[in-house]
Amino acid sequence: MDGYAESPERFVPGFERLTTLIANSRRLRVFTGAGVSTLSGIPDFRGAHGVYTDPWHGMDVEDILSLDFFRENPKVFYQWAKDVWFHLEEYQPNIVHKVVAELERKGFSNGVYTQNIDMLHQRAGSKAVYEIHGSPFHNYCTQCGKHFSYEQIAPLVRSDILPVCDQCGGVIKPDIVFYGESLNRSLLERAWEDFGHADLCLVLGSSLTVQPAASLPRLTAQGGGRIVIVNAQPTDQDSFASLRFKDLSQVFVALSRWLETQPDRK
């Protein structure tokens, strides 16, 4: 537990309401952000001293992550990304990833939509994972479209070698949505449908500031469903939430114990 944990007097009544909502839900959607990954030791991106907040060699990181910059300066991008996106196998799933996977396995959850690009939900056992912003575990040639795995690209990047296609010589780009790129349209349409018809949405570790993904939980409220937010800092959607917690560890340690007492729905 950290400084955000609530006293038992405050936590227990809210947690009992949470388990009742989960038990009664038939269309539960999970939405996760960077706060979940930080529990595994992955640096926050947009916090006060996040990876995206502090300049890198005098350059704005959000500029480095623009599509135009990548096209002009792919070597610079990969120099930055080497220590940020291409050592992800060093991190392990945490209690939140594991419980989210267990919610799906037991039939409580219909899947997780994540803003994160670290693949930790999959490694924890989640099957229905929708990566809103993509993943460096998939890469493609910007010239001919040939696909490459993380295992093929990461060693090159860590050796300061610019990844290029062995078929046409084009520069290889991680399949992550850069500034200046649109989100995958079919995935976004699926998300609109799923969140619009959900009866419960769990928002975990997200500040709900990056659009359009951040608007998805609100669709659940607009459709008559409930929202539960677990995030250390306030969000501008707190007013839509039926329940609000600050400490992910506190909630998910308790939720893990509760799930152990629940039979599978399937």
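Residues in the stretch 135-150 that are under 14 Å from residue 168 (Cβ atoms) and in a strand (DSSP E or B): 140, 141, 147, 148. Picking from residues in the stretch 1-32 that are surrounded by 14 or more Cβ atoms within 10 Å (Cβ to Cβ) and modelled with pLDDT under 95, the one that is nearest to residue 178 (Cα to Cα) is 4. Here the condition is being in a helix (DSSP H, G or I), under 24 Å from residue 137 (Cα atoms) and outside the structural domain of residue 65 (by TED's automatic domain parsing); of 221, 214, 254, it holds for 214 alone.
Listed here are the residues, each with its yes/no results for (1) of a type in the set (Gly, Ala, Ser); (2) in contact with a helix residue (DSSP H, G or I) (Cβ under 8 Å, 6 or more places away or on another chain); (3) over 25 Å from residue 209 (Cβ atoms).
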position	(1), (2), (3)
113	no, yes, no
117	no, yes, no
120	no, yes, no
129	no, yes, no
134	yes, no, no
145	yes, no, yes
153	no, no, yes
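Of all residues in the stretch 208-253, those being in contact (Cβ under 8 Å) with a residue 40 or more places away in the chain and closer than 21 Å to residue 187 by Cβ number 8. Scanning the stretch 68-90 for residues being surrounded by fewer than 16 Cβ atoms within 10 Å (Cβ to Cβ) and either more than 30 Å from residue 172 (Cα to Cα) or touching a Leu at 6+ places or on another chain (Cβ under 8 Å) (or both) gives a total of 1. Taken together, 228, 253 contain a single residue that is within 20 Å of the chain's Cα centre (by Cα), closer than 14 Å to residue 19 by Cα and surrounded by fewer than 20 Cβ atoms within 10 Å (Cβ to Cβ), which is 253.
Taking the criterion of being part of a helix (DSSP H, G or I) and touching a Phe, Trp or Tyr at 6+ places or on another chain (Cβ under 9 Å), the residues of the stretch 98-122 that qualify are 98, 99, 100, 102, 120, 122.
The values are calculated or read from the model by the stated rules, or taken from the named source; none is laboratory data. Worth saying up front: this structure is predicted, and the values here are computed from it rather than measured. Virtual Cβ from ideal backbone geometry, glycine too; neighbours counted across all protein chains shown.
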